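Got a structure here, written out as structure tokens. Questions coming.
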Amino acid sequence: MKTADKIYRQESSAAIRLAAALVLGLAFFQSTAPAAVTPGATPKEFPANPARHQVVIKREAADAKQAAMIAVAEAAQPSKEALRQAAGDAAVPTGEKVWWYKEELGIRIPCAITADAVSYYTDLVGKFGKQVFKRYSQPSSRLDYHAGVDYHKEFKFDGITYSDVYVVTLKLTFSENFAATEAAGMEFKKERMVVLDAQGKVLLITGDGPTEVPILMM
């Protein structure tokens, strides 16, 4: 597991996040985007193909208590301040259990990883897998989600020491290639850390906020 200092440096450095997003975008473009559409080309019909739309979810817990800690971490909602800052000048989405702060290509972009967020992307990829498309290139989509938890007798973060705590790490990667729209794709990664005491009370949440989302056009 990463040390708290490394986690802090990664989350506090906007330059690192931007560079990572640019590298991710370039790799995604090189690996998934075809050449520009040939003049005069017309979209083809692609039948439903679940094999090209995959969901991988892993929740790793050593016992029932650790599983409960993951559930608490996934249930924790982002603060209104985190949502407001992520949205910037745009309006914050309204409703209960709001975990996203905007949409791109008609897809919600997360401010925080919650159980509802995981369900949303799971359902979205499942819907794509059942859909007949008319596209220039065959669509694909994927959700990778991993939740893990570790117990710490002492855990230091940002100059504060937490004793007898469980640290839950949630990691989510989502991508779609010509599924949401005819000629665009996206891929993003999100990570959240939740520190809980032995009774399951949330003591600290990091990682909530805006998400870098490279949008790639055909």
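Just so you know, all these numbers are worked out from the coordinates, no wet-lab data involved. Fair warning: this is a prediction, and the values are worked out from it, not measured in the lab. Here Cβ is always computed from backbone atoms with ideal geometry, including for glycine, and neighbour counts include all displayed protein chains.
If amide hydrogens are placed 1.01 Å from N in the peptide plane, which non-local residues have theirs closer than 5 Å to the one on Val55?
So Val55 has HN proximity to Leu143.
For segment 126-215, what is the per residue volume of the convex hull drawn over the alpha-carbon atoms, in cubic angstrom?
Working: hull volume 9.6 nm³, N = 90.
Each residue corresponds to 107 Å³ of Cα convex hull volume.
Which of the peptides 52-60, 96-104 is most tightly packed, and how do the rest follow, going by the mean number of other Cβ atoms within 10 Å of each residue? The partial results should precede the final answer.
Working: 52-60: 14.8, 96-104: 16.6.
Those peptides, ordered most packed to least, come out 96-104, 52-60.
Then there is this: Sorted by average packing, counted as other Cβ atoms within 10 angstrom per residue and highest first, what order do 169-181, 139-151, 195-207 take? Don't skip to the answer; put the middle values down first.
On the way: 169-181: 21.5, 139-151: 19.4, 195-207: 15.8.
Per-residue Cβ counts within 10 Å, averaged per peptide and sorted highest first, yield 169-181, 139-151, 195-207.
Next up: For the pair Asp123 and Thr161, what calculated FRET efficiency results from E = 1/(1 + (r/R0)^6), where r is the Cβ-Cβ distance and R0 = 41 Å, to the nearest 0.05? Kindly include the intermediate steps, with their values, before the conclusion.
On the way: r = 40 Å, r/R0 = 0.98.
The calculated FRET efficiency here is 0.55.
Write down, largest first, the equivalent ellipsoid semi-axes of segment 56-158 in whole Å, where each equals the square root of 5 times an eigenvalue of the alpha-carbon gyration tensor.
Details: eigenvalues 167, 94, 25 Å².
That gives 29, 22, 11 Å for the three semi-axes.
How much length, in nm to one decimal, is gained on full extension between Lys153 and Ile57, taken as 0.36 nm per residue of separation minus their Cα-Cα distance?
Details: separation 96, 0.36 × 96 = 34.56 nm, distance 2.82 nm.
So the extension gain works out to 31.7 nm.
Label Ala48 and Lys65 with points 7 Å out from Cα along Cα→Cβ: what is the distance between them in nm?
4.5 nm
Let me ask another. Separation of segment 157-178 and segment 46-117 by C-alpha centroid, Å?
13 Å
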